[in-house]
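**Q** A single structure is presented below for examination.
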Amino acid sequence: MTDPFDLTGRTALVTGGSRGIGRAIVEILARHGAAVAFCHLDDDDAAVTFTSELTGAGHEVASRSCDVSSAADVDGLAAWAADTVGHVDIVVNSAGVGGGDRPFEDVDVAEWDRVVGINLRGTYLVAHAFYEPMRRKGWGRIINIASQLAYKGATGLAHYCASKAGVVGFTRALALEGAPHGVLVNAIAPGPVDTALLRGHSESWLADKRASLPLGRVGEVEEIAPTALLLASAAGNYYVGQTLSPNGGDVLL
Ligand code: NAD
């Protein structure tokens, strides 16, 4: 029987791949046979070390810096990916920033634009850069990393929650356009996961969060990445416009 998770011969582009959830996704896609190009923002040391670890283990992986909220940078990313891995079959939009726990009265327009610009505009720019070649080929996968907070909301995170709810709506709408052309678009809405982004919260916030979770702990990146593998591979061929939510029971959807 063919392994439905096998990605041999596939190419992938992962944003935010130098650490956290994106890094675990780069690793699982590469270990299942995909050639992976990933980007990060100004995290060269981590990216270079990680890239050489994977290439040393025989995987085809390359990385570069790119600000996904910049249209010019994303144009450059698309050109680089074409030179590096060729046509991209699978896009994972994992680059993102937290909102920093700001009371709404302190979210000025610059902060709103920063968070929405990276999390939502960045997802649009990257999807837009790679969608049309997928549509022409008649096969593609776009996986957007949203957040359970798209549904749940959170005090001090109005801008972040808005950006992630936008990602969920964008995913559903693009899924309807893409599916007839073989381009499947889905999202993942993780619960709290132990990464640099989550560690940006205060210790008391994290303690309250852990205590409120049915599992009594936050998630690990390795508990999120397999959902991306599912959606990227033949195992996910019947998922269209879905937002899968590995969240430890923080939201019961
Ligand atoms: P992280 O801080 O560990 O990693 C973020 C990655 O995104 C890094 O590689 C960084 O270089 C990159 N990045 C940041 N801004 C960028 C930009 N402008 N352009 C390109 N790359 C950029 O964060 P994480 O926790 O792994 O988050 C990954 C995704 O998961 C984000 O979209 C985040 O909103 C989402 N998410 C995280 C959690 C959590 O609890 N950690 C929960 C739900 C959703």
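**Q** Enter the accessible area per residue of the chain (Å², integer; probe 1.4 Å; all protein chains in place).
**A** Result: 44 Å² per residue.
**Q** At q = 0.08, 0.14 Å⁻¹, what base-10 log of I(q)/I(0) does the Debye formula yield for the chain when every alpha carbon is treated as an equal point scatterer in vacuo?
**A** -0.28, -0.90
**Q** By accessible area of protein heavy atoms, probe 1.4 Å, what ranking do LYS152, LYS209 get, highest first? Don't jump to the answer; show the numbers that get you there.
**A** Working: LYS152 95, LYS209 30 Å².
So, going from the largest accessible area down, we get LYS152, LYS209.
**Q** May I ask for the angle, rounded to the nearest 10°, between helix 122-137 and the longest principal axis of the chain, with both axes built from Cα atoms and the value confined to 0 to 90°?
**A** Taking the Cα atoms of the chain, the angle to 122-137 is about 30 degrees.
**Q** Provide the solvent-accessible area of ARG217, counting protein heavy atoms only and rolling a 1.4 Å probe, rounded to the nearest 10 Å².
**A** 100
**Q** Continuing with the same structure: Over the residues of the range 143-197, compute the C-alpha Rg and express it relative to 2.2 N^0.38 Å.
**A** Against the compact-globule rule of thumb, the ratio is 1.25.
**Q** Ignoring solvent entirely, what values of log10 I(q)/I(0) come out of the Debye formula for the range 124-166 at 0.16, 0.23, 0.25 Å⁻¹ when each Cα is a single scatterer?
**A** Log10 I(q)/I(0), no solvent term: -0.54, -0.75, -0.80.
**Q** Another question, then. Counting residues in the range 186-245 as N, plug N into 2.2 N^0.38 Å and put the Cα Rg over that result.
**A** In units of the globular-protein estimate, the range 186-245 measures up at 1.33.
**Q** Measuring from a point 7 Å past the Cα of ARG217 along Cα-to-C-beta, which residues in the range 173-203 have an amide N at less than 16 Å?
**A** Residues 191-195 qualify, since their backbone N sits under 16 Å from the label point.
**Q** OK, next. Over the range 23-138, how many percent of alpha carbon pairs lie in each 10 Å bin up to the one with the longest distance?
**A** 13, 40, 31, 12, 3, 0
**Q** Additional query: Using a 1.4 angstrom probe with every protein chain in place, what is the largest-first accessible-area order of THR195, THR49?
**A** Putting THR195, THR49 in descending order of accessible area: THR49, THR195.
**Q** Working out 0.36 nm times the residue gap between ARG172 and SER204, then minus their Cα-Cα distance, what length gain in nm do you get to one decimal?
**A** 8.0 nm
**Q** Right, another one. As a test question: what accessible area, to the nearest 10 Å², does SER202 have when a 1.4 Å probe is rolled over all protein chains in place?
**A** My reading of the accessible area for SER202 is about 60 Å².
**Q** Would you mind telling me the share, in percent, of accessible area of the chain contributed by carbon and sulfur at probe 1.4 angstrom?
**A** Details: 6020 of 11210 Å².
Answer for the chain is 54 percent, counting heavy atoms of protein chains only.
**Q** Alpha carbon centre of the range 40-56 versus the range 218-252: separation in Å?
**A** 25
**Q** Let me ask something additional. Restricting the calculation to Cα positions, tell me the Rg (one decimal) and the Dmax (whole number) of the range 14-68 in Å.
**A** 9.8, 28
**Q** Report, to two decimal places, the Cα Rg of the range 126-240 normalised by 2.2 N^0.38 Å (N = number of residues).
**A** That ratio works out to 1.21.
**Q** Between GLY58, ILE142, ALA162, whose Cα lies farthest towards the positive end of the dipole of the chain when Lys and Arg beta carbons carry +1 and Asp and Glu beta carbons carry -1, centred on the Cα centre?
**A** In the chain, that residue is ILE142.
**Q** Positive end of the dipole of the range 135-253, charges at C-beta (+1 Lys, Arg; -1 Asp, Glu), about the Cα centre: which of VAL240, GLY219, VAL251 has its Cα farthest in that direction?
**A** Of the candidates, VAL240 comes out farthest on the positive side.
**Q** Determine how large the accessible area of THR11 is when every protein chain is in place; take a 1.4 Å probe and give Å² rounded to the nearest 10.
**A** 20
**Q** To continue, here is another question. Excluding residues on the same chain fewer than 8 positions from LYS164, give the lysines whose Cα lies under 23 Å from its Cα.
**A** LYS152, LYS209
The values are calculated or read from the model by the stated rules, or taken from the named source; none is laboratory data. Just so it is clear, the structure is predicted and the values come from calculations on it, not from any experiment. In this analysis, Cβ positions are derived from the backbone assuming ideal geometry, glycine residues included, and neighbour counts consider all displayed protein chains. SASA here: full protein model, heavy atoms, side chains in, ligands and nucleic acids out. Shrake-Rupley method; radii C 1.70, N 1.55, O 1.52, S 1.80 Å.
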